[in-house]
1. Quick check: residue separation of B:THR248 and B:LYS278 times 0.36 nm, minus the Cα distance between them. What number comes out in nm?
2. Roughly speaking, what is the stretch gain from B:ALA433 to B:THR206, that is 0.36 nm per residue apart minus the C-alpha to C-alpha distance, in nm to one decimal?
3. When the scattering of the stretch B:110-189 is computed by the Debye formula from its Cα atoms alone, each counted once and equally, what is log10 I(q)/I(0) at q = 0.22, 0.25 Å⁻¹?
4. Kirkwood Rh, the stretch B:178-274, all Cα pairs: how many Å?
5. Run a plain Debye calculation on the stretch B:120-254 (Cα atoms as equal point scatterers, no solvent) and give log10 I(q)/I(0) at q = 0.15, 0.18 Å⁻¹, rounded to two decimals, same order as the q list.
6. With every protein chain left in place, what is the accessible area of B:ILE437 in Å² (1.4 Å probe, nearest 10)?
7. I need to check one value: relative contact order of the stretch B:262-335, counting alpha carbon pairs closer than 8 Å and at least 6 residues apart, in percent.
8. Counting only other chains, what is the mean number of Cβ atoms within 10 angstrom of the Cβ of each residue in peptide A:2-12?
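The values are calculated or read from the model by the stated rules, or taken from the named source; none is laboratory data. A quick note: this is a predicted structure, and the numbers were derived from the prediction, not measured. Here Cβ is always computed from backbone atoms with ideal geometry, including for glycine, and neighbour counts include all displayed protein chains. Quick note on the areas: whole protein, heavy atoms, side chains included, nothing else; ligands and nucleic acids left out. Shrake-Rupley method; radii C 1.70, N 1.55, O 1.52, S 1.80 Å.
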Amino acid sequence: MRDVAYIALTVAFFALMIAYVRGCERLGREATGEEERP
Amino acid sequence: MTANGWLQILFYSALLLALTKPLGVYMVRVYDGSLRWLAPVERVIYRACGVDPEEDQHWTRYAGGLLLFSVVSMLVTYVALRLQAHLPLNPAGLPAVADRQAFETAASFTTNTNWQSYSGEVTMSYLSQMMQLAFHNFTSAASGMAAAVALARGIARRSGGRLGNFWVDLVRGTLYVLLPLAFVLALILVQQGVIQNFAQYVTATTVEGAKQVLAMGPAASQIAIKQLGTNGGGFFNVNSAHPFENATAISNFLEMFALLVIPAGLVYTFGRMVKNQKHGWALWAAMFVVFFGGVTTAYWAEARGNPIHAARGVDIVASADNPGGNMEGKEVRFGIANSVLWATATTDASNGSVNAMHDSFTPIGGMVPLVNIQLGEEIFGGVGSGLYGMIMMAVLTVFIAGLMVGRTPEYLGKKIQSREIRMVMLYVLIFPAVILIFTALSAVLPAGLAGRNNAGPHGLSEILYAFTSVTGNNGSAFAGLTGSTDYYNTLLGLGTLLGRFAMMVPMLALGGFLAERKIAPESAGTFPVTTPLFVILLVSVILIVGALTFFPALSLGPLVEHLLMGAGKLF
């Protein structure tokens with residue numbers, strides 16, 4: 001049972017990191033929009 | 001402090017300087033693809049793994065590859081450690097690694113941390129050491145180098161956010177840099193007396209007639225890569241204070257030198273890649289200034305010794321037959337100079353292996369390794385991670401300089417604007433946030449407090465050091481904390497993962513954003529990044545950011561302990 005919990009924790013962490021990649025990409029796009037505004 | 005000690009430190013520094021350029025040039029050729037002597041091996045690996053080596057990956061895909069590789073290899077290691085008892089090459093009949101320790105160990109080795117809450121010789125089978133831990137020693141180091149090279153490409157070119165190919169960088173870094181160097185170093189270590197065998201553990205009779213079990217195993221091959229890859233940890237529990245892991249003065253020097261040689265070479269590689277070698281040397285100079293300052297401070301503190309020892313009649317004055325100073329927790333074969341040099345190098349890099357126990361250093365001597373990690377391990381740093389950490393600080397430095405003179409900051413021809421600084425700030429803030437939040441939790445929760453071996457400020461230092469070490473992917477321990485509990489194994493494992501990947505992602509994003517920007521020629525308003533002024537500003541930014549972030553915690557730990565030591569109080 002604890003093995004499953006640790007494996008799930010690992011998978012959840014890396015899934016969060018994938019979401020983090022997307023978040024950073026979005027943050028970059030938003031900032032580019034701000035820079036381009038007059 | 002002795003002339004002999006200083007000579008060794010200066011020789012170490014001179015050799016580091018001498019090898020920076022040749023190794024740096026070699027690595028340029030590795031990562032630009034011009035070195036092809038292992039091309040057939042590469043082709044087999046790419047074909048077997050279904051990798052298209054010609055693909056130039058967008059930074060999101062590059063980061064995705066790195067994360068995918070890490071999660072799969074971490075899970076494989078977790079399962080292998082749990083099944084260790086049923087796998088071959090286990091002559092001591094060691095049982096499965098406990099689930100909490102398997103999680104922490106898998107996370108720790110995947111992230112180039114190598115924090116160990118166990119004694120290697122009584123926990124890990126030969127197969128676990130060789131197929132799991134040594135595998136990560138190579139690949140986690142190669143991943144760090146790949147990430148640094150990707151950032152350098154982002155700075156050097158305009159490619160619509162494309163940073164190269166993670167799989168190719170991973171394979172080439174392993175095949176061309178780490179494997180050959182580790183092979184040569186392992187052979188030299190064996191020649192020096194470091195053990196390399198698959199023998200059963202030996203039961204010896206001591207001089208007093210007692211029985212003692214001597215652990216055996218393939219140590220030299222593991223030690224070579226754990227030093228070169230700035231992975232750290234130890235084949236044996238006491239790391240390189242063990243004669244089978246560190247047999248002679250020459251093996252000690254080589255193991256210590258292997259800590260920083262690739263990170264130093266990578267700085268030169270970076271200068272070549274961005275076509276500004278002077279800037280590469282400016283970064284090298286900034287690193288060396290902080291490195292030398294750390295060695296000097298630790299050497300002074302340890303050679304000065306502990307006044308409480310002196311008050312109780314211990315001779316702490318160096319003489320022909322007495323090293324003097326504070327020799328508690330140090331290997332008498334290596335003495336103070338080699339202990340502080342190792343302690344400084346191992347925490348400037350993200351290595352973490354030790355040849356002396358940092359917990360036994362004087363408060364100021366022990367604070368040096370702690371501060372080195374807290375500065376972000378950018379002082380040559382971990383292989384790859386040190387370089388990209390330093391580049392993040394360089395971007396922050398030119399941003400601050402740009403604010404001072406009221407111009408849009410530029411770094412090596414790329415404009416630094418809102419989105420770049422957002423990524424730098426994420427990188428800068430995540431590190432202390434993880435350390436300080438986890439330390440604060442552990443300083444109040446019963447499960448956290450139970451792990452301390454000492455009360456008062458020294459106990460806080462133990463907790464602070466542990467979370468600093470894992471989040472900085474260092475892996476060295478203050479040796480006082482009992483980390484082998486559900487609470488610490490899980491939280492420290494999470495700390496290693498956050499300290500690696502939550503910082504790598506914004507760094508790769510920065511590389512991608514910079515790769516989208518056009519390269520502007522230098523103008524009169526460009527802040528020069530090759531001058532002594534830049535070096536001074538960069539070192540100041542590193543020290544100020546580190547000091548502002550961690551000074552309150554340090555005040556409650558080693559600083560107050562140092563003041564109390566003067567008043568005769570020990571913890």
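1. 7.0 nm
2. Length gained, B:ALA433 through B:THR206: 76.8 nm.
3. -1.05, -1.18
4. Value: 14.5 Å, from the Cα pair sum.
5. Log10 of I(q)/I(0), two decimals: -0.76, -0.97.
6. 100 Å²
7. Answer for the stretch B:262-335 is 18 percent.
8. Other-chain Cβ atoms within 10 Å of each residue's Cβ, averaged: 5.
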